[in-house]
1. Of these, SER67, SER31, which one is in contact with a strand residue (DSSP E or B) (Cβ under 6 Å, 6 or more places away or on another chain) and either aliphatic (A, V, I, L, M) or at pLDDT 95 or above (or both)?
2. Identify, from the list SER67, SER136, SER90, SER57, the residue that is assigned to a strand (DSSP E or B) and among the hydroxyl-bearing types (Ser, Thr, Tyr).
3. Output the residue which, of all residues in segment 91-108 that are within 16 Å of the chain's Cα centre (by Cα) and without any contact (Cβ under 8 Å) to a residue 40 or more places away in the chain, is nearest to SER27 (Cα to Cα).
4. Only residues in segment 27-47 that are closer than 14 Å to VAL135 by Cβ count as the first member; pair them with residues that are basic (Lys, Arg), Cβ under 7 angstrom, at least 6 apart or cross-chain, and list the lot.
5. Considering only segment 70-83, state which residues are crowded, with 17+ Cβ neighbours inside 10 Å and in a helix (DSSP H, G or I).
6. Is it the case that segment 86-100 has a residue that's modelled with pLDDT under 95 and in contact with a strand residue (DSSP E or B) (Cβ under 9 Å, 6 or more places away or on another chain)?
Amino acid sequence: MKRQVNEIKISYKERVPAPFWTKINSSRDASELLYEHWNKNTIELHESFKVLLLNNSNKVKGIYQLSQGGITGTLVDLRLLFAVVLKTASVAVILSHNHPSGKLEASDADIQLTKKIKKAAQLFDITVLDHLIIVSNGEYYSFADNGML
């Protein structure tokens with residue numbers, strides 16, 4: 001008797017043709033794009049974690065919201081993060097989350113999470129270019145600009 005096993009299929013389809021992808025040249029470029037796609041009605045209400053998916057030329061393949069949490073934090077599951085990164089064949093990422101408090105400082109938890117993601121990414125030859133903290137007025141804190149990556 002044969003055992004029944006689920007077949008796993010992976011597919012990926014570009015919505016926007018590659019020549020029209022936005023290129024990220026700086027933390028400002030990334031923060032402006034992310035802020036533009038953040039829900040302004042909830043940015044001061046709860047924390048969300050998003051990842052900017054990039055190709056080898058730092059062109060944006062997409063933005064994925066990985067989690068949405070409470071007022072003071074959100075859970076980031078590395079397995080889900082890397083499932084999305086690998087499924088989209090991205091070679092670099094920019095991590096981001098918002099601080100509803102408006103505080104532009106990295107917490108110890110933010111720093112530890114960034115280190116953990118960067119270490120895991122190295123196993124897959126994926127580059128973590130930056131981690132941005134974004135607040136409601138569009139200002140941001142960049143880990144890379146502040147020598148924390």
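The values are calculated or read from the model by the stated rules, or taken from the named source; none is laboratory data. Not measured: the values here are computed from a predicted model. Neighbour counts run over all protein chains shown; Cβ positions are idealised from the backbone, glycine included.
1. Details: SER67 fails: either aliphatic (A, V, I, L, M) or at pLDDT 95 or above (or both).
Exactly one of SER67, SER31 is in contact with a strand residue (DSSP E or B) (Cβ under 6 Å, 6 or more places away or on another chain) and either aliphatic (A, V, I, L, M) or at pLDDT 95 or above (or both), namely SER31.
2. Values: SER136 fails: assigned to a strand (DSSP E or B); SER90 fails: assigned to a strand (DSSP E or B); SER57 fails: assigned to a strand (DSSP E or B).
None of the others qualify; the one that does is SER67.
3. It comes out as ALA92.
4. LEU34/LYS50
5. Within segment 70-83, LEU81, PHE82 qualify.
6. yes
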